[in-house]
Amino acid sequence: MKYLVMVQGSQADYEAMAGKPSENSPAWSEQELQAMFAFMTEVSNDLAESGELIDAQGLTEPARTRFVSAGEDGRPVITDGPYGETKEVLAGYWLVDCESLERVTEIAARITRCPGPEGMVEPPVVIRPVQDAGGAC
């Protein structure tokens, strides 16, 4: 079964990684950033080695996003991010193909142990089954 394992974050988290702390997001040192990148690479490498990894990507900060919706006249309405009403956004993901919900839950639990600065609020990790072409999970 395929699953999308998503790490959540916020604009404040990205700013903290750039050295600009806020109340719930302490500034990251260069060593802490390198430890986080090494941890994420190790998770991806282990999943590739086990044959479970399909894709994994980190995403840029919300401030670099664009939101496109349909206006009342049918023409697109384009807004640049970040969005004040959105507290958490998708920060990165792993697309995996593994044997069970229990296995993907183990993977997500491992991801929650990612290193970071002291006082960091651990971002949630969300698991979503990928619907197959037949329509049912």
Flagged in the stretch 37-83 as assigned to a helix (DSSP H, G or I) and at pLDDT below 95, in numbering order, are P62, A63, R64
Search result, residues across the stretch 7-18 that are of a type outside the set (S, T, Y) and in contact with a helix residue (DSSP H, G or I) (Cβ under 9 Å, 6 or more places away or on another chain): V7, G9, Q11, E15, M17
Under 19 Å from W28 (Cβ atoms), within 13 Å of the chain's Cα centre (by Cα), modelled with pLDDT of 95 or more and surrounded by 13 or more Cβ atoms within 10 Å (Cβ to Cβ): does that describe I127? no
F67 versus (1) in contact with a Pro (Cβ under 9 Å, 6 or more places away or on another chain); (2) surrounded by 10 or more Cβ atoms within 10 Å (Cβ to Cβ); (3) more than 17 Å from M6 (Cβ to Cβ): which is the lone unmet condition? (1)
Members of the stretch 1-54 found to be without any contact (Cβ under 8 Å) to a residue 40 or more places away in the chain and surrounded by 16 or more Cβ atoms within 10 Å (Cβ to Cβ), listed by number: A12, M17, L33
Look at the stretch 88-116 and say how many of its residues are touching a strand residue (DSSP E or B) at 6+ places or on another chain (Cβ under 9 Å) and either in a loop (DSSP other than H, G, I, E, B) or loosely packed, with under 11 Cβ neighbours inside 10 Å (or both). 5
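The values are calculated or read from the model by the stated rules, or taken from the named source; none is laboratory data. Being a predicted model, the structure only gives us computed values, none of them experimental. All Cβ positions, glycine included, derive from the backbone under ideal geometry; neighbour counts span all protein chains shown.
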